[in-house]
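Reviewing the structure listed below.
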Amino acid sequence: MNHGELATSLLAWYDKSAREMPWRVGPAQRKAGIKPDPYRIWLSEVMLQQTTVAAVKKYFERFTSLWPTVNDLAAAPDDQVMGEWAGLGYYARARNLLKCARVVATDHGGIFPQDRKTLLSLPGIGPYTAASVASIAFDLPETVVDGNVERVMSRLHNVHDPLPLSKPQLTDLATRTTPKKRAGDYAQAIMDLGATICTPKSPACGICPWFAPCIARTKGTAAELPKKVAKPVKPTRKGFAYIARTPSKAWILERRPEKGLLGGMLGWPGSQWATEAQHEPPFDADWTELGEIKHTFTHFHLFLRVMVASDIQNISESHITLGANEFKSSDLPTVMRKVFDIAQPNFTD
DNA sequence: TAAGCGTGGTA
DNA sequence: TTACCAAGCTT
């Protein structure tokens, strides 16, 4: 089966089984002349970076409700955007999302550039997202290469070289299969295929539109591809988190530095996170230990002992105080929300 | 260039 | 319970 036939058979499958998503313009709608909104495509693609469709849906609805256009988002306050992103993870995405929105609003008159190279120059847009916006939003024949495409290509061509070493080869194979027409539908089709049929474990080869041409299926190696370089074991770190309020019942928090872990997010004052936990309170108080939370980040496990105190007056300038009307635990990154959930019963009024 | 960067679902 | 995994980008 040649590349043209591969694309044709995949598009035929997509025409009848495309999944519905809040940001998606389906194949029937496209044929009726409906074009996607580039802002919504870009926003969804940034949210979908390393994140499941199920997790993204609520955030996408919330963001587009609050900010229907890129100009609206560009005008939003940083703190509000970070708070709305809380829980979705990879917070550099939110910071770059705002930067990108402001570049598009200011330098491009609120109109997204269409070509892949200009898109690639924008904050938070890398090779995958540039190709996905160009193809899905503008129907340009660019090739998306995400984890799904890597997996599908490695199986279709029975590539046993491990990722990420094999990525250039898989990218080349994907590029040769991308059709000049209906590139947007094709990009979504191949990712749908990876997400629903050519899954990491137990692929459903029996109902795959590429059953016949798939070499790994023929050889019986589909489920073991793609090979990946083994990842190192995650180390464990420990620390303390400190929750307290002022006499007027305002919560005492801090804004984390822009760069690094949970950059730009709200958090509770805490100790260093190290091999052994060290009690390093942010201010003198009668601290009580309430319990411990466990949280796993991309590259380490964390145990935090939750300490509480009341009626704190000696606040430093590095702290942020938020009254009951201003503070929402949903503005916190998940690890900090876990800490709050332990402490909250101790603060009844 | 390889490491740093979240979270929730799943087996 | 742990390890793996998901529509990656930045430095």
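The values are calculated or read from the model by the stated rules, or taken from the named source; none is laboratory data. The model shown is predicted, which means the values in this text are computed figures rather than measured ones. Note: ideal-geometry Cβ built from the backbone for every residue, glycine included; neighbour counts use all protein chains shown. These accessible areas exclude ligands, DNA and RNA; they are computed on the full protein's heavy atoms, side chains included. Shrake-Rupley method; radii C 1.70, N 1.55, O 1.52, S 1.80 Å.
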Check your understanding: Is there a residue being within 23 Å of the chain's Cα centre (by Cα) and either within 11 Å of DNA strand C (Cβ to nearest atom) or outside any helix (DSSP H, G or I) (or both) anywhere in region A:165-182?
Key -> yes
Practice item. Could you grab the pairs with beta carbons closer than 7 Å, sequence gap of 6+ or different chains, first residue in region A:213-234 and of a type in the set (A, V, I, L, M, F, W, C), second one within 16 Å of DNA strand B (Cβ to nearest atom) and open to solvent by 80 Å² or more (accessible area, probe 1.4 Å)? Key: A:Ala223/A:Lys201; A:Ala223/A:Ser202
Point to revise | Members of region A:114-132 that are part of a loop (DSSP other than H, G, I, E, B), farther than 15 Å from A:Met47 by Cα and within 22 Å of the chain's Cα centre (by Cα) | key: A:Ser121, A:Leu122
Point to revise | Of all residues in region A:77-89 being surrounded by fewer than 17 Cβ atoms within 10 Å (Cβ to Cβ) and either among the acidic types (Asp, Glu) or not assigned by TED's automatic domain parsing to the domain that holds A:Leu48 (or both), the one that is farthest from DNA strand C (Cβ to nearest atom) | key: A:Asp79
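Please work out if A:Val335 is open to solvent by less than 50 Å² (accessible area, probe 1.4 Å) and farther than 16 Å from A:Tyr91 by Cβ.
Judged against the criteria, A:Val335 is not a match.
For region A:215-240, give me each residue that is of a type in the set (Val, Ile, Thr), within 15 Å of DNA strand C (Cβ to nearest atom) and open to solvent by 70 Å² or more (accessible area, probe 1.4 Å). Steps first, answer last, please.
Initial filter on region A:215-240 (of a type in the set (Val, Ile, Thr)): A:215, A:218, A:221, A:229, A:233, A:236.
Narrowing the set further to residues that are within 15 Å of DNA strand C (Cβ to nearest atom) leaves A:221, A:229, A:233, A:236.
Answer for region A:215-240, where residues must be of a type in the set (Val, Ile, Thr), within 15 Å of DNA strand C (Cβ to nearest atom) and open to solvent by 70 Å² or more (accessible area, probe 1.4 Å): A:Val229, A:Val233.
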**Study point:** A:Ala183 being open to solvent by less than 20 Å² (accessible area, probe 1.4 Å), in contact with an Asp or Glu (Cβ under 7 Å, 6 or more places away or on another chain) and closer than 26 Å to A:Arg24 by Cα
**Key:** yes
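Could you check region A:58-70 and list, in sequence order, the residues that are open to solvent by less than 40 Å² (accessible area, probe 1.4 Å) and outside any helix (DSSP H, G or I)? Walk me through it before giving the result.
From region A:58-70, those open to solvent by less than 40 Å² (accessible area, probe 1.4 Å) are A:60, A:63-64, A:67, A:70; that's our starting set.
Passing the criteria: only A:Trp67.
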**Study point:** Residues satisfying the stated conditions in region A:25-57, i.e. away from DNA strand C (no atom under 11 Å from the Cβ), outside any helix (DSSP H, G or I) and either surrounded by 21 or more Cβ atoms within 10 Å (Cβ to Cβ) or among the aliphatic types (A, V, I, L, M) (or both)
**Key:** A:Val25, A:Ala32, A:Ile34
Exercise for review: Check A:Ala74, A:Ala101, A:Ala105, A:Ala92 and return the single one that is within 14 Å of DNA strand B (Cβ to nearest atom), assigned by TED's automatic domain parsing to the domain that holds A:Pro141 and open to solvent by less than 60 Å² (accessible area, probe 1.4 Å).
Suggested key: A:Ala92
**Study point:** Filter result (surrounded by 12 or more Cβ atoms within 10 Å (Cβ to Cβ) and under 12 Å from A:Val308 (Cα atoms)) within region A:262-287
**Key:** A:Trp268, A:Pro269, A:Gly270, A:Pro281, A:Pro282, A:Phe283, A:Ala285, A:Trp287
Revision key, fill the gap. Counting only residues in region A:251-272 that are closer than 30 Å to A:Thr348 by Cβ and either in a loop (DSSP other than H, G, I, E, B) or of a type in the set (S, T, N, Q) (or both), the one farthest from DNA strand C (Cβ to nearest atom) is identified as A:Pro269
Practice item. Among the residues of region A:108-149, count how many are within 16 Å of DNA strand B (Cβ to nearest atom), surrounded by 20 or more Cβ atoms within 10 Å (Cβ to Cβ) and under 14 Å from A:Thr178 (Cβ atoms). Key: 2
